[in-house]
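Below is one structure, written out as structure tokens; comments come after it.
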Amino acid sequence: MDNAEQYRMDLRRIQDAIPNLDRLRESSVLVTGAGGLICSAVVDFLIELNDTRDARLHIYAAARSRDRIWARFGERMERADVHFLQYDAMEAIASDVRFDVVIHGAGNANPKMYAEKPVETMMAHLMGLRYVMEYQIAHGGGRVLYLSSSEVYGRRGGSAPYREEECHFVDLLDPRSCYPSAKRAAETMCAAYRKEYGIDAVIVRPGHVYGPTMTASDNRASSQFPRDVIEGNDIVMKSAGAQMRSYCYVLDCVSAMIAVLLNGASGQAYNISNPQSVVTIRELAECFAKAGGKKVVTKLPSEREAEGYNKMEYSVLDSSKLEALGWKPCFDAALGTKRTIDLLRRSQKT
């Protein structure tokens, strides 16, 4: 992502979707997984908040690769209010800063890796959260927002949106369950640290997030679709695409996360879902195709690709608990997919 004016305008636009935004003012904020799809956009948002509202935030972008972070954020990493923190989820955090807020988004979210590295997937999610919690205890830090997943709900019949209090079937002996099982255990870890050590933790469960901040290694369908278009190809679907999903443009996800961070009840989980963007996988592909002037074609997946697929046929989330905080989405499926294509094309030209 470059510093496109449209993207900056959208970062300013979502500020109005977040109640009590001034509560974040003058905080030191650690963002783990700062090179990823969601948390890189969180860092963008925090920087824009400093520029437009004089929020006086100290922003710590934590990631394994310094080069990747510099490639993503460029000269903004030389600002006095932005700091790089070398970070590995499998190691204790090496810093002496007291963080008022930790937004913990680090962890493998790549379906290909679920199939190839299920052990590493589980351990990174669990150990990463443990080290965040232990750091906050040792340094007297503040609230932790944990980025979980809609996959914690498991599979059930019917077509009612999932509510936060539900919990359904996950096949514990399927290696693909490494991801939802690790996310479930991590949520329980948040509750355990809150009870035993008094850590102030809140949890968000995003649906299927997409946007121009996707990484080159992201092989999820919602990232592959715009990649096909930008490369000048038709969109290739590896299934009929009948699964219904709560899709969410990345900046709506960011504003929802900050809304929960500032207004959510300690110890609670909140779905992140845009009710204006509940579509099937195929309908999302068609939105991307329309935005990019291409069409949708179908091919069979390889055995390895199929191993990484989400087992949930129906994955729509109830957003009422989030909306009760005063949050409002800004991007429906048509606008979110158009923004993604437009911004990726702009980045390609620069």
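Residues in the range 283-308 that are at pLDDT below 95 and either within 19 Å of K183 (Cβ to Cβ) or not acidic (D, E) (or both): V297, T298, K299, L300, P301, S302, R304, A306, E307, G308. The set of residues in the range 121-147 being under 16 Å from L261 (Cα atoms) and basic (K, R) consists of R143 alone. Against the condition modelled with pLDDT under 95, among the acidic types (D, E) and open to solvent by less than 40 Å² (accessible area, probe 1.4 Å), how does D252 come out, does it pass? Answer is no for this residue. For the range 183-200, taking the residues that are closer than 12 Å to A269 by Cα and more than 17 Å from the chain's Cα centre (by Cα), the one that is surrounded by the most Cβ atoms within 10 Å (Cβ to Cβ) is identified as C190.
The set of residues in the range 135-176 that are assigned to a loop (DSSP other than H, G, I, E, B) and β-branched (V, I, T) contains only V170. Before we move on, is L129 in contact with a strand residue (DSSP E or B) (Cβ under 6 Å, 6 or more places away or on another chain) and under 30 Å from R25 (Cβ atoms)? No. Checking the structure you have, find out if any residue of the range 40-52 is under 20 Å from M257 (Cβ atoms), of a type outside the set (V, I, T), assigned to a helix (DSSP H, G or I) and open to solvent by 10 Å² or more (accessible area, probe 1.4 Å). Within the range 40-52, one or more residues are under 20 Å from M257 (Cβ atoms), of a type outside the set (V, I, T), assigned to a helix (DSSP H, G or I) and open to solvent by 10 Å² or more (accessible area, probe 1.4 Å).
Of all the residues that make up the range 63-76, how many are open to solvent by 60 Å² or more (accessible area, probe 1.4 Å) and either not in a helix (DSSP H, G or I) or not aliphatic (A, V, I, L, M) (or both)? Reasoning before the result, please.
Residues of the range 63-76 that are open to solvent by 60 Å² or more (accessible area, probe 1.4 Å), as a first pass: 64, 66-68, 70-71, 75.
Cutting the leftovers down to either not in a helix (DSSP H, G or I) or not aliphatic (A, V, I, L, M) (or both) gives us 64, 66-68, 70, 75.
Total satisfying the criteria: 6.
Taking strands (runs of 3 or more DSSP E) as the structural unit, those lying wholly within the range 257-344 and holding at least 1 residues that are open to solvent by less than 10 Å² (accessible area, probe 1.4 Å) and under 30 Å from L173 (Cα atoms) correspond to 269-272. Can you find, within the range 85-113, the residue that is modelled with the lowest pLDDT among those that are open to solvent by less than 40 Å² (accessible area, probe 1.4 Å) and outside any loop (DSSP other than H, G, I, E, B)? Once the filter is applied, the top-ranked residue is P111.
Confirm whether L30 is assigned to a strand (DSSP E or B), out of contact with any Cys (no Cβ under 8 Å at 6 or more places or on another chain) and under 14 Å from I258 (Cα atoms). Lay out the reasoning, then the answer.
Numbers: assigned to a strand (DSSP E or B): yes; out of contact with any Cys (no Cβ under 8 Å at 6 or more places or on another chain): yes; under 14 Å from I258 (Cα atoms): yes.
Yes: the conditions hold for L30.
Yes/no matrix, rows are residues, columns are (1) buried (at least 22 other Cβ atoms within 10 Å of the Cβ); (2) free of Cβ contacts under 8 Å to residues at least 12 places away in the same chain:
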| position | (1), (2) |
| --- | --- |
| Q15 | no, no |
| I59 | yes, no |
| E78 | no, yes |
| H83 | no, no |
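Of the residues screened, P180 is not one that is farther than 25 Å from V132 by Cβ, assigned to a helix (DSSP H, G or I) and open to solvent by less than 20 Å² (accessible area, probe 1.4 Å). Of the residues in the range 201-226, how many are closer than 20 Å to K294 by Cα and open to solvent by 40 Å² or more (accessible area, probe 1.4 Å)? Total meeting the criteria: 4.
Of D44, D96, D100, which residue is of a type outside the set (S, T, N, Q) and over 25 Å from I199 (Cα atoms)? Steps first, answer last, please.
Details: D96 fails: over 25 Å from I199 (Cα atoms); D100 fails: over 25 Å from I199 (Cα atoms).
When all the criteria are applied, what remains is D44.
Filtering the range 93-143 to residues that are free of Cβ contacts under 8 Å to residues at least 12 places away in the same chain and touching a Pro at 6+ places or on another chain (Cβ under 7 Å) leaves nothing. In the set (1) hydroxyl-bearing (S, T, Y); (2) under 21 Å from the mean Cα position of the chain (by Cα); (3) in a helix (DSSP H, G or I), Y60 fails one condition alone, (3).
Results for (1) farther than 27 Å from A185 by Cα; (2) among the polar types (S, T, N, Q), shown as yes or no for each residue.
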position: S222; (1), (2): no, yes
position: P226; (1), (2): yes, no
position: G241; (1), (2): yes, no
position: Q276; (1), (2): yes, yes
position: V279; (1), (2): yes, no
position: K295; (1), (2): yes, no
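The values are calculated or read from the model by the stated rules, or taken from the named source; none is laboratory data. Here the structure is a predicted model, which is why all the values come from computation and not from measurement. Cβ sites come from the backbone with ideal geometry, for glycine too, and all protein chains shown count toward neighbours. Side chains included, ligands, DNA and RNA excluded: accessible areas come from the protein's heavy atoms. Shrake-Rupley method; radii C 1.70, N 1.55, O 1.52, S 1.80 Å.
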